[in-house]
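The values are calculated or read from the model by the stated rules, or taken from the named source; none is laboratory data. The structure displayed is predicted, hence computed values, not measured ones. Note: ideal-geometry Cβ built from the backbone for every residue, glycine included; neighbour counts use all protein chains shown. Surface areas here come from the heavy atoms of the whole protein model, side chains and all, with no ligands, DNA or RNA. Shrake-Rupley method; radii C 1.70, N 1.55, O 1.52, S 1.80 Å.
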Amino acid sequence: MARKQFDLIVFDWDGTLIDSITHITRSIQLACRDLNFPVPDSLLVSYIIGLELHNALQIAVPTLDPSQYFLLAERYRFYYLSSDLHIKLFAGVREMLDELCGADYLLAIATGKSRVGLNRALDLVRLRTIFHATRCADESFSKPHPAMLYELTQELGQTANRTLMIGDTTHDLQMAANAGIAAVAVSYGAHSAERLTKLKPHFCAEDVESLVHWLREC
């Protein structure tokens, strides 16, 4: 894979590299049920995936008292962590990352997860050392604010025009647009291809294989 247009590739995590959308959705719904809060439907939950957790819960269950979101977040974490050991990378992701590293790309992550959550997830799939930098919502601004991308490009000494953002939600694409950075969408995660293509990404990949093919040609 010869490097041509980009030097730094920034990935979202959930729904882009790892197949966690169903587990996140179910964990939020179970947490709401346990606390007798309104249970959001799966479509609404899929929309908020990728945002910082408390921001996401406020959208998913907007009728709660502000003090109740802490309880909901804690119950969500209980369900998520109870079975996150079984969450796997999408087929082909590990090989894609190895190929990009072999071509001397700089690789980074920008995610709505917490720092503790991302580090745990990276360790579970043995990917901690493959990324040159990572940024989480609890140490920056939540998507679609461009701060995470600004911080990553600055840390790695890269320019916006040589950086690419890859993600499965409109929050990822809007963050990239706000930062003046090119974006590629993947439609196998949280948001549909119809919703993603409205933001005019450079490409919308239907699976990891088509994403790899595009990266080889870009």
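Taking Ile109 as the residue in question, decide whether it is among the β-branched types (Val, Ile, Thr), over 16 Å from the mean Cα position of the chain (by Cα) and surrounded by 13 or more Cβ atoms within 10 Å (Cβ to Cβ). No: the conditions fail for Ile109. Taking segment 114-130 as the range and being in contact (Cβ under 8 Å) with a residue 60 or more places away in the chain and either surrounded by fewer than 14 Cβ atoms within 10 Å (Cβ to Cβ) or closer than 20 Å to Ala56 by Cβ (or both) as the test, the residues that pass are Ser114, Leu118, Ala121.
For Thr159, the criteria (1) in contact (Cβ under 8 Å) with a residue 24 or more places away in the chain; (2) within 23 Å of Cys218 (Cβ to Cβ) hold in every case but one, which is (1). Screening the candidates Val212, Val208 for the property of being aliphatic (A, V, I, L, M) and under 23 Å from Lys113 (Cα atoms) yields one hit, Val208.
Somewhere in segment 68-86, is a residue in contact with an Asp or Glu (Cβ under 7 Å, 6 or more places away or on another chain) and assigned to a helix (DSSP H, G or I)?
Just the residues of segment 68-86 that are in contact with an Asp or Glu (Cβ under 7 Å, 6 or more places away or on another chain), to begin with: 75.
From the residues that got through so far, the ones that are assigned to a helix (DSSP H, G or I) too are 75.
Yes: one or more hits.
Is it fair to say Ala31 is assigned to a helix (DSSP H, G or I), free of Cβ contacts under 8 Å to residues at least 60 places away in the same chain, of a type in the set (A, V, I, L, M, F, W, C) and touching a Gly at 6+ places or on another chain (Cβ under 8 Å)? In short, no.
Scanning for something within 14 Å of the chain's Cα centre (by Cα) and open to solvent by 20 Å² or more (accessible area, probe 1.4 Å), does segment 78-94 turn up at least one residue? Yes: one or more hits. As for segment 96-105, it holds at least one residue that is free of Cβ contacts under 8 Å to residues at least 60 places away in the same chain, over 24 Å from Ala31 (Cα atoms) and over 18 Å from the mean Cα position of the chain (by Cα). Of everything in segment 1-40 that is open to solvent by less than 10 Å² (accessible area, probe 1.4 Å) and of a type in the set (S, T, N, Q), the residue that is nearest to Asn161 (Cα to Cα) is Thr16. Among the numbered conditions (1) open to solvent by 80 Å² or more (accessible area, probe 1.4 Å); (2) over 19 Å from Cys136 (Cβ atoms); (3) of a type outside the set (S, T, N, Q), the only one that Leu44 does not meet is (1).
Would you confirm, using the coordinates I've provided, whether Gly167 is open to solvent by less than 20 Å² (accessible area, probe 1.4 Å) and either within 23 Å of Glu99 (Cα to Cα) or β-branched (Val, Ile, Thr) (or both)? Yes: the conditions hold for Gly167.
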